[in-house]
Every structure is written in C-alpha cells, then in structure tokens.
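Read the structure below first, then the notes.
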Amino acid sequence: MSNQVLQWYDDLTSRLWRDDLRELRRWRRVPIVAARLAVVLTRQLIGGELNLRAMSLVYTTLLSVVPLLAVSFSVLKGFGVHNQVEPLLLKFLAPLGPKGVELSNNIIGFVENIRVGVLGSLGLLFLLYTVVSLIQKVESSFNYVWQVERLRGLAQRFSSYLSVILIGPVLVFTALGFTATAMNNTLVQQLMSVPLLGYLVLRFGELVPYLLVIAAFTFIYAFIPNTRVKLGAALVGGVVAGILWQSSGWAFAAFIASSTNYAAIYSGFAIVILLLIWLYLNWLVLLLGAQVAFYAQYPQYLTREPVRLRLSNRLRERLALQIMFMVADHHLRKLKPWTAEALVHRLGLPVQPVHHVLKLMLDAGFLSETSDEPPAYLPRQDVDTIRLADLYEVVRSAGESRFLGLNSLPHQSQVDAAMAATQRAIETEFGEQTLKDLVKGA
C-alpha cells in the first residue's frame, strides 16, 4: 500500500513540474502556477524561516504596540479623529471574543497613561526606538523574502519610518472616513432606495473593508522592501494576503468559541496565549503574502527543488567584469548611471547575486553609491586607474579574512608554485590594461 502511495505521489509531482509554463495557454497555465505556488509555500513553511521571523515580529509587537498607538493617538488627536483608534483596535481583536474587548480597553488605558513629562527624555527615546524597531524588523523580513541583504541607509530609514509612523495613521483614518461619508451621501442613499441598485450598493459596502485590507497589504508590499516591486506583483500578494487574513479571522474566532478548555488550563494567562497566537497568525499571513508577491514577480523561482543562489567562481568573475564594464561605459558616455534594479533587469539575473557583486565592488573601493533614491552606481576611481588585474584579484579573494585565507593553509611548495603560476598568468594576460581600455575596446 505504501509503495502505491509513493508511486501515486511521484506521478502527481512529475505531472505538476514537467511542463514549461511559457509553452502553455493561459487556461492551463493558471491552475498549474497556483498548484506550484501552493507546493512552494508549503515548503517555505516547513523550512521554518518564515515562522521564525513571524515569531520575532510577535515579540517586537508586544514591546511596541503601546508606544505605536501612543504616537498614532498623538498624531490623530491633532486631526480630531483620535476617538477612532479604539474601534479599530476592537475590530482587530474581535476574533478573541469577549476577552478582546477587555484587552482593547487595557491597551487604550496604557496609551492614555503615557505622559511625556513622566517618561523623561530617556524614556521618550526608548518609546520611539521600540516603534522604529518594529518597522525595521518588518523591512528586514520583507528583504529576506525578496532576497535583498541591505537595509536602507540611515537617513533614508529615518525619513521613511517617520513617514509611516506619522502619515500612515492619517491615511488609514482618512480612507475609513471617506468610505463612511460616501456611504452616507444623499445620492448613495437615493440609489439604495432602488431595489436592485440598493442591493448592489449594500453588497459593495460589505466588500469595502476587504478592499481596504487588500489595498493596505498591496501598499506595504510595494513600498517597504528595499527593492523595486512591480505593482501587479504587489497586488497579487495583497489579494492573497487579504483573503487569508479575513479567513484566518473567521477560523480563529471559531477556534476561540470552541476552546473553553484554554481558560481552565491557563486561567488568567489564557488571553495572553491566545493573543500571541493571533499576532503570530497575522504576521505569518503578511509574510506569506510577501512571498506570493515575490513569486508573482519572479515565477522562475517556482521550481521543484529550492533555488540555491550560490555563484561559481567563474560566474562571479564574469559578473563583476560585466557590471564594472556597464558602469564605466555609462560613465564615459555620460549616460544615466545604473541602479541595482536596472542592472538586475538588464542582466536577467535574480536580485541576490547582483547585490553580492555590487557590495563587493563597493567594499573594494571600485564603486560608490549616489545619494539618490534608489541609489545609482558610479566609478569611485578614475577608470584609467582601475587595472583589470586588480579587479580580478579582488573577485578571486572575496570572502577571505585573517581567520580563513591563503596563509591559514599549510604551505606545500608544489601547490604554492601552481598558485604563483596562475597569478603570473593573470598578470601577464591583463598587463596594464585598465577598465577604460576594456570599454574602449568594445
């Protein structure tokens, strides 16, 4: 029986992965992509990295939820809509049942008890730090999903995070207020008096919360990762995450209603345990939506086995020469400097290897970043002075340190001679040829 099950599983998986999506018509391609996506996302969850990041965000959320609401409360108070914070928090905690109301009242009480004069300057700095750390961890998690290893610059992070903290709540409550005003508009009320149109308007009003959630997720996926995310990919991730978020709310509410034993086991700690589970599910849904957006933008990663982005020595050498050639060529011809995203698009490669080589060239002093957003890349030295032999040596020695390098290996005369011969061959072949000579030769 087990052999038959294994045979059935192997046959099913081979059917799922054997077709080239580029050769299929849309009506056949869509279900296959959906099935592959389900398999890959399941593999991601089993791998555990997304779970660990969701748990980390839960811990940071517990530290920062009161300071974050305090900052939002202060900003919204200037617009006279601070009283809407509690209803929104109640809606978020609704799946927790009656305990959600109690928890919401306690959190609002903590927020109202925050006094800047009592906190002092050190306490105020810690309050702001906990808020910023939450957003930074969200960006770090999204960068992991998008295989980007660099956070934004310090100045850019400060401006971006400040914008999210101060402007985000205003935009959310503006959208909610606009929706409520539109539904109470005289014209809308007249339309609702017509039987068929009234039914459609009523159904649309029920869809508005879902559309707002999808729009919020789409905005997050498009702007928080430190890379260029296509709007279509962000929308796909937003739709999937919005549906999962609403579905998980219903499922969790049903779980709460049927889990009276939790109160008997954990007593007063039951609400804390359930809150942790609910926060974990929300963060996991957010990260899964980001992963869907990534696969929507890079469908080539939907493979049977996980994609291992390890550059061979030969590919790293070629990629470094190619990137330096392209940057120097644009610089000499006074064209628009290359950005990382433009290089990724032009080279047709994933983000991660291109960023690895760019970081290597930056650390070696061959390239420098502009202060633009996104940053562009320019030669840090005169292209007349960048010898190809020096550039090649930097690529060959990438990753070496005083703990792991040539000197840490035992010396063997024959091996040393072979390595020296290789170095001499490189020096002889390149000679004094510079990066400018390489570009002019093209």
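Bear in mind that the values in this text are calculations on the coordinates, not laboratory data. In this text, all values refer to a predicted model and were calculated from it rather than measured experimentally. So basically every Cβ, Gly included, is an ideal-geometry build from the backbone, and we count neighbours across all protein chains shown.
Values computed for the structure shown
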{"quantity": "Over 24 Å (Cα to Cα) - which of LYS230/LYS436; LYS99/LYS137; LYS230/LYS440; LYS336/LYS440; LYS91/LYS230; LYS137/LYS336 fall in this group", "calculated": "LYS230/LYS436; LYS99/LYS137; LYS230/LYS440; LYS91/LYS230; LYS137/LYS336"}
{"quantity": "Gained length - LEU332 relative to LEU45, 0.36 nm times residue gap less alpha-carbon distance", "calculated": "98.5 nm"}
{"quantity": "Net charge over other residues, Cβ less than 12 angstrom from the Cβ of THR385 (K, R count +1; D, E count -1)", "calculated": "-2"}
{"quantity": "Potential extension, ARG228-VAL394 segment - 0.36 nm per residue separation minus Cα distance", "calculated": "56.9 nm"}
{"quantity": "Residues ILE277 and ASP363, FRET efficiency given R0 of 35 Å [Cβ-Cβ distance, rounded to 0.05]", "calculated": "0.25"}
{"quantity": "Per residue Cα convex hull volume in Å³ - calculated over the range 298-372", "calculated": "106"}
{"quantity": "P(r) of the range 313-441 over all Cα-Cα pairs, binned every 10 Å from zero, in whole percent", "calculated": "11, 40, 32, 14, 3, 0"}
{"quantity": "Potential extension, ALA253-ASP382 segment - 0.36 nm per residue separation minus Cα distance", "calculated": "40.0 nm"}
{"quantity": "Built amide H within the under 5 Å cut-off of SER368, gap 5+", "calculated": "LEU378, ARG380"}
{"quantity": "Pairwise FRET efficiency - ALA34 versus GLN414, Cβ, R0 = 56 Å, nearest 0.05", "calculated": "0.45"}
{"quantity": "17 Å cut-off, amide nitrogen to a point 7 angstrom out along GLN352 Cα→Cβ, residues in the range 34-55", "calculated": "40-53"}
